[in-house]
1. Taking residue 102, is it touching a Gly at 6+ places or on another chain (Cβ under 8 Å), within 20 Å of residue 153 (Cα to Cα) and in a strand (DSSP E or B)?
2. Of all residues in the stretch 99-119, which are over 11 Å from the mean Cα position of the chain (by Cα) and farther than 14 Å from residue 141 by Cβ?
3. Looking at residue 82, is it closer than 18 Å to residue 41 by Cα, charged (D, E, K, R) and under 14 Å from the mean Cα position of the chain (by Cα)?
4. Restricting the search to the stretch 54-84, which residues are open to solvent by 40 Å² or more (accessible area, probe 1.4 Å) and under 22 Å from residue 116 (Cα atoms)?
5. Within the set of pairs 6+ apart or on separate chains, which have a first residue in the stretch 65-79 that is farther than 19 Å from residue 103 by Cα, a second that is in a helix (DSSP H, G or I) and among the aromatic types (Phe, Trp, Tyr), and C-beta atoms under 6 Å apart?
6. Checking the structure you have, find out if any residue of the stretch 63-78 is β-branched (Val, Ile, Thr) and farther than 23 Å from residue 165 by Cα.
Amino acid sequence: MTHTNQSKVPVSSSADVNLKSTRVSECSFGGLADDPEFDGLVAEYALESKIKGMPPINWAREMYESMEGAGIVHCLALRDTEEKLVGFAILLCTVYPHYSKLAVTAESLFVTRKYRQGGSGMKLIKQIEAHGKNIGAVGILLSAPHGGSLESVAPRIGYQQTNSVFFKAVP
């Protein structure tokens, strides 16, 4: 990344967290993967977001870093006031060949449950949108686990359900 973009927005006092704010910043994949909180967040993410039938989550660090070097992968970190990692987004920023336009796909978007009330997740989504605008993308694609909280939130914040994704394991 060539620059850091940070935003601070107060978290409501109704949150189950004793924080006044969280912040979102751009970071490298290595910055996420090397963070001491990342493995715990990934374990929580896997419980909620793992695709049934897929093998256990095993981040292909070298691949993410290679794609990051090519300008395809962009990462955002959500941190609390003590700089603890409490959420993240890994974005795939690519030109869709049949549209010939750049779009941003949130390949991974996660906020630990404790920080979902009070606007931290919305702050992360708003930063994804700002990032898309900054790089000239025509839109943002979010994918949400069926029945998960993002599936119910996304339509309320202006996202349209455009497709349903199905998975079948192949032996």
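The values are calculated or read from the model by the stated rules, or taken from the named source; none is laboratory data. Predicted model, so just to flag it, every value in this text is computed and none were measured. Here Cβ is always computed from backbone atoms with ideal geometry, including for glycine, and neighbour counts include all displayed protein chains. Heads up: the accessible areas ignore ligands, DNA and RNA and are worked out on the full protein's heavy atoms, side chains in. Shrake-Rupley method; radii C 1.70, N 1.55, O 1.52, S 1.80 Å.
1. The answer is no for residue 102.
2. Listed by number, the residues that qualify are 100, 112, 113, 114, 115, 116, 117, 118, 119.
3. no
4. 81, 82, 83, 84
5. 65/29
6. no
Conditions (1) modelled with pLDDT under 95; (2) surrounded by fewer than 16 Cβ atoms within 10 Å (Cβ to Cβ); (3) not hydroxyl-bearing (Ser, Thr, Tyr), marked per residue:
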position	(1), (2), (3)
97	no, yes, yes
109	no, no, yes
144	yes, no, yes
165	yes, yes, yes
171	yes, yes, yes
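Residue-wise test of (1) touching a helix residue (DSSP H, G or I) at 6+ places or on another chain (Cβ under 6 Å); (2) part of a loop (DSSP other than H, G, I, E, B); (3) at pLDDT below 95.
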position: 3; (1), (2), (3): no, yes, yes
position: 12; (1), (2), (3): no, yes, yes
position: 19; (1), (2), (3): no, yes, yes
position: 32; (1), (2), (3): yes, no, no
position: 59; (1), (2), (3): no, yes, yes
position: 62; (1), (2), (3): no, no, no
